[in-house]
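Just so it is clear, none of the values below were taken in a lab; they were calculated from the coordinates. Small disclaimer: the values here were computed from a predicted structure and weren't measured. All Cβ positions, glycine included, derive from the backbone under ideal geometry; neighbour counts span all protein chains shown.
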Amino acid sequence: MQVSSPMNKIAQITLVFWIMKISATTLGETAGDLLAQTLGVGYAVSTLIFFSIFLITLVAQLSSKRYIPALYWTVILSTSVAGTTMSDFMDRTLALGYAKGSMILITILLSIFAYWYFSERSLNINYIRNRKAEVLYWIAILFSNTLGTALGDFLSDTSGLGYIGGAILIGSLLAFIAICTFYTKISRVFLFWVAFVLTRPFGATFGDLLTKPHGKGGLDLGTTGSSLVLASILIAFMIYTTFKQNNVSSEQAL
């Protein structure tokens, strides 16, 4: 699905993409909680730290001339971790609550999509061919991950579904979207962005399921151990996609 364009530095949308996206978003949840809660840094300071990391990785991504898997997924991870602490800061420190915080973030994300569509006439990530569209893409990802955290916390804590129930609900919705992708004529661009947003609450609920104590319905694996396991999975796939990308580049050079 990737277009051969010098400005198109986006990963191809394959099964591996979605596995890495879910791994990154789940790691974003556990790593954000590790710094903000386990290490006691707090949501405000953690947000400043992770948002600064996001800006640094974003500048590197924007400066690159081609698709570099490790760099691309580092930016994805930075948006996920920053989104976690940004959402928690809004919902907990500012006491907006999950429902109100989610509505605010939905409004922001829809506004980003509206501006992107009316200025570029497309939300198709295969046609990101200028810097403006590239920047809008990453802003949309940042706020989609922030929204996903709020939605995931709402499903896990407020709705009564719990961590397992929330993960099952989001997982079922993602499966339904996959079916629609293969068997309906619904816009693939629309389905992609819905799935992209939903993988974040899936990661949030799954991350909470891994880290929270048994008394709260979690598996009590802790934020440190869970983060290390998820980071190992993501790094392994980064190496795989880098190796695959290098092979493709070598074949094209022949």
Dividing the surface of the Cα convex hull of the chain by four yields a projected area in nm² of 13.5 nm²
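Using the beta-carbon distance between residue 175 and residue 240 and R0 = 30 Å, what value does 1/(1 + (r/R0)^6) give for FRET efficiency, to the nearest 0.05? Write out the running numbers ahead of the final one.
Numbers: r = 24 Å, r/R0 = 0.81.
Efficiency, rounded to the nearest 0.05: 0.80.
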Rounded to the nearest Å, the spacing of the alpha-carbon centers of region 34-64 and region 68-136 is 15 Å
Along region 155-166, Karplus-curve 3J(HN,Hα) (6.51, -1.76, 1.60; θ = phi - 60°) to the nearest Hz, with x for Gly and Pro, reads 5, 6, 9, 9, 6, x, 6, x, 5, 5, x, x
Across region 15-253, qualifying lysine pairs (alpha carbons under 24 Å, at least 8 places apart or different chains) come out at 8
A correct Karplus calculation of ³J(HN,Hα) over region 96-105, with 6.51 cos²θ - 1.76 cosθ + 1.60, θ = phi - 60°, whole Hz and x for Gly and Pro, returns 6, x, 5, 5, 5, x, 5, 5, 4, 5
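Working out 0.36 nm times the residue gap between residue 247 and residue 117, then minus their Cα-Cα distance, what length gain in nm do you get to one decimal? It would help to have the intermediate numbers written out before the result.
On the way: separation 130, 0.36 × 130 = 46.80 nm, distance 3.45 nm.
Gain in length upon complete extension: 43.4 nm.
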Largest-first semi-axes in Å of the equivalent ellipsoid built from the Cα gyration tensor of region 69-158 are 26, 16, 9
Computed curve, region 130-184, Cα-only Debye sum without solvent term, log₁₀ I(q)/I(0) at 0.24 Å⁻¹, is -0.89
One finds, for residue 70 and residue 159 with R0 = 41 angstrom and r their Cβ-Cβ distance, a FRET efficiency to the nearest 0.05 of 0.65
One can check that the equivalent ellipsoid of region 1-103, built from the alpha-carbon gyration tensor with semi-axes equal to the square roots of five times its eigenvalues, has lengths in Å, largest first, of 28, 15, 12
Partner aspartates and glutamates whose C-alpha sits under 13 Å from that of residue 9, ignoring same-chain residues fewer than 8 away, are 134
Summing -39500 (n - 2.57) over every DSSP H run of at least 4 in the chain, dividing by its residue total and rounding to the nearest 500, the 222 nm mean residue ellipticity is -25500 deg cm²/dmol
Highest GNM mean-square fluctuation among 133, 178, 36, for the chain with Cα springs under 10 Å, belongs to 178
